[in-house]
Amino acid sequence: MESILQTPRLWLREMMEADFPDLCEILQDEETMYAYEHTFSDAEAWDWLHRQQARYRRDGFGLWAMIRREDGAFIGQAGLTMQDWEGRRVPEIGYLLKRRHWHCGYATEAACGCRDHAFGTLGLDAVYSIIRDTNAASRRVALRVGMHQVGRFVKHYYGMDMPHDVFCVTNGTADFPAQATTPANSKA
């Protein structure tokens, strides 16, 4: 399968039907999904996968499979999605990892790769992360990516009001090192 982008330890590619069991390991883990306040049923996980595949066709990006280069293991998902904020659609960097791969720097590495891909390959002017206010780990990743908080809003989800903070980094104004390489039609 074709690599979308590569980082020193990871490569990201489009998710496919065969990734469903790995995706369920993420979406059906209660601790992993704490920011969502619920785990996903099989039907919701299939919908999630199919929504990413539709995004690939419509937007040219979505959440991609995060593959560890050393052994080809599917360890999570990361990528770009269009999200609503203040009456407009903004490109958001998002990621979810299997819990056993937390605290290894993979989220930051993948997010930096997505940021670099958004700016260098897609030519976007800014990327955002919309993070639940209780998600301290994702807030730290946003800061490591060079983002700054630019807003806050309350998202109504599954019958709950959930405060979210909005972080942003703009192309050419952030002080950050390049973290990823984006191959032209290469395979990892």
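Find the residue count for region 1-19, including only residues that are over 17 Å from R55 (Cβ atoms) and modelled with pLDDT of 95 or more. The total comes to 7.
Within region 130-145, residues that are within 22 Å of H156 (Cα to Cα) have Cβ atoms under 7 Å from residues that are β-branched (V, I, T) and part of a strand (DSSP E or B) in these pairs: I130/V166; S138/I131; R139/I131, counting only partners at least 6 apart in sequence or on another chain.
Looking only at residues of region 75-98 that are over 15 Å from the mean Cα position of the chain (by Cα) and of a type in the set (K, R), we find that the one that is surrounded by the fewest Cβ atoms within 10 Å (Cβ to Cβ) is R88.
How many residues does region 30-44 hold that are modelled with pLDDT under 85 and assigned to a helix (DSSP H, G or I)? Spell out the reasoning first.
Taking region 30-44 first, the residues modelled with pLDDT under 85 are 33-38.
Of the ones still in play, those that are also assigned to a helix (DSSP H, G or I) are 34-36.
Total satisfying the criteria: 3.
Does T108 qualify as being touching a residue at least 12 places away in the same chain (Cβ under 8 Å) and not in a helix (DSSP H, G or I)?
Details: touching a residue at least 12 places away in the same chain (Cβ under 8 Å): yes; not in a helix (DSSP H, G or I): no.
For T108, the condition - touching a residue at least 12 places away in the same chain (Cβ under 8 Å) and not in a helix (DSSP H, G or I) - is not met.
Out of the residues in region 12-30 that are open to solvent by 30 Å² or more (accessible area, probe 1.4 Å) and within 20 Å of G60 (Cβ to Cβ), which is nearest to the chain's Cα centre (by Cα)? Restricting to residues being open to solvent by 30 Å² or more (accessible area, probe 1.4 Å) and within 20 Å of G60 (Cβ to Cβ), the top hit is E14.
Yes or no: A111 closer than 20 Å to L63 by Cα, small (G, A, S), in contact with a helix residue (DSSP H, G or I) (Cβ under 9 Å, 6 or more places away or on another chain) and open to solvent by less than 10 Å² (accessible area, probe 1.4 Å)? Before you say what the answer is, go through the steps one by one.
Values: closer than 20 Å to L63 by Cα: yes; small (G, A, S): yes; in contact with a helix residue (DSSP H, G or I) (Cβ under 9 Å, 6 or more places away or on another chain): yes; open to solvent by less than 10 Å² (accessible area, probe 1.4 Å): yes.
The answer is yes for A111.
Summed over region 114-166, the residues that are on the phi < 0 side of the Ramachandran plot and not in a strand (DSSP E or B) give a count of 25. With (1) part of a loop (DSSP other than H, G, I, E, B); (2) surrounded by 14 or more Cβ atoms within 10 Å (Cβ to Cβ); (3) among the small types (G, A, S) as the list, and G72 as the residue in question, which single condition is left unmet? Against the list (1) part of a loop (DSSP other than H, G, I, E, B); (2) surrounded by 14 or more Cβ atoms within 10 Å (Cβ to Cβ); (3) among the small types (G, A, S), G72 comes up short only on (2).
Only one of D59, D47 is closer than 21 Å to A126 by Cα and open to solvent by 20 Å² or more (accessible area, probe 1.4 Å). Can you tell me which?
None of the others qualify; the one that does is D59.
The values are calculated or read from the model by the stated rules, or taken from the named source; none is laboratory data. What you see is a predicted model; the values in this text were computed from it and never measured. Cβ atoms come from the backbone with ideal geometry, glycine included; neighbour counts cover every protein chain shown. Heavy atoms of the whole protein, side chains included, go into the accessibility calculation; ligands, DNA and RNA do not. Shrake-Rupley method; radii C 1.70, N 1.55, O 1.52, S 1.80 Å.
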